[in-house]
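Here's the structure, in structure tokens; my notes come after.
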Amino acid sequence: MWPLVAGVSLMGAAIAEEADARWVELAATDAAAWYGKTGSGRVTNVDGKKGNGYAYVYQLEDKKKHTYSYGQVVVLLESCPKGYGYVYYNDTQGQYVNKGQFVRFGDTVVDALGSAACASWDSETGKRSRVEAEGTWKVVATAKGTGNRFSLKTDTVRKAPYDGQQALHVLFAFEDVTADTTDYGEFVVPLADCRRGYGTVHELDFSGQQVSKSDFVLDGNSVISAIAANMCAYN
């Protein structure tokens, strides 16, 4: 998810000074580190809706240039109990800059930034908006040659309408082994396609917009057929 957070470098950089107890390290790579400002968390309004988001001030350290840049992280509160959503990056004046997908308790930088917002909100309310069970990610397909992996988050499987018919929905992760990145989305398979043994897998982003679609046969040898077979097992 590194490319998704690269956009924060658009925010004004300052000459680096040593971080102190006022900043909590949230995530780090060889090239950069992200910190949250202690006490900056607050419930906020997003898109004109009252109290539907949570924001905090962050500091991004460029380890090679020895500079810091600043901005705000915002998540929608509905993402916290659901377990996934978007991290929105604003500048210090609250203007939108970029966004990235996050999954609570995940391993990416964006996961850490979004999860920190939810944890801070939980601390304020005194309630745990989501409890994460262990072993909920299941690797269902590995691409030959590249070793890239698709995993399904089994505790997110649900039945809900899609395009006028009942369908199975599940959160997925795609790991690019060479690039060392993880991307997320939602797979959707109509229940009718599962029952007849062939059909279409729809890929959606976290806004519910279709990104792509692929045909499958449950006895097929393709990666998408393996994904569909694992999903249809929940039918």
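The values are calculated or read from the model by the stated rules, or taken from the named source; none is laboratory data. Not measured: the values here are computed from a predicted model. Glycine also receives a Cβ, built like all others from the backbone with ideal geometry; neighbour counts cover every protein chain displayed.
In the stretch 108-141, which residues are more than 17 Å from the chain's Cα centre (by Cα), under 28 Å from residue 234 (Cα atoms) and surrounded by 15 or more Cβ atoms within 10 Å (Cβ to Cβ)? Of everything in the stretch 108-141, those that are more than 17 Å from the chain's Cα centre (by Cα), under 28 Å from residue 234 (Cα atoms) and surrounded by 15 or more Cβ atoms within 10 Å (Cβ to Cβ) turn out to be 140, 141. What are the residue pairs meeting all of these: first residue in the stretch 173-199, first residue in the same structural domain as residue 226 (by TED's automatic domain parsing), second residue part of a loop (DSSP other than H, G, I, E, B) and of a type in the set (Gly, Ala, Ser), Cβ atoms under 7 Å, and 6 or more apart or on different chains? The qualifying pairs are 177/147. The listed residues are 200, 182, and the only one of them that is closer than 21 Å to residue 109 by Cβ and either out of contact with any His (no Cβ under 8 Å at 6 or more places or on another chain) or part of a strand (DSSP E or B) (or both) turns out to be 182.
None of 108, 142 is more than 25 Å from residue 190 (Cβ to Cβ) and in the same structural domain as residue 180 (by TED's automatic domain parsing) except 142. Examine the stretch 95-107 for a residue that is surrounded by fewer than 14 Cβ atoms within 10 Å (Cβ to Cβ), touching a residue at least 40 places away in the same chain (Cβ under 8 Å) and under 17 Å from the mean Cα position of the chain (by Cα), and state whether such a residue exists. Looking through the stretch 95-107, at least one residue is surrounded by fewer than 14 Cβ atoms within 10 Å (Cβ to Cβ), touching a residue at least 40 places away in the same chain (Cβ under 8 Å) and under 17 Å from the mean Cα position of the chain (by Cα). Could you say whether any residue in the stretch 163-171 is modelled with pLDDT under 95, part of a strand (DSSP E or B) and β-branched (Val, Ile, Thr)? No, there is no match, as no residue in the stretch 163-171 is modelled with pLDDT under 95, part of a strand (DSSP E or B) and β-branched (Val, Ile, Thr).
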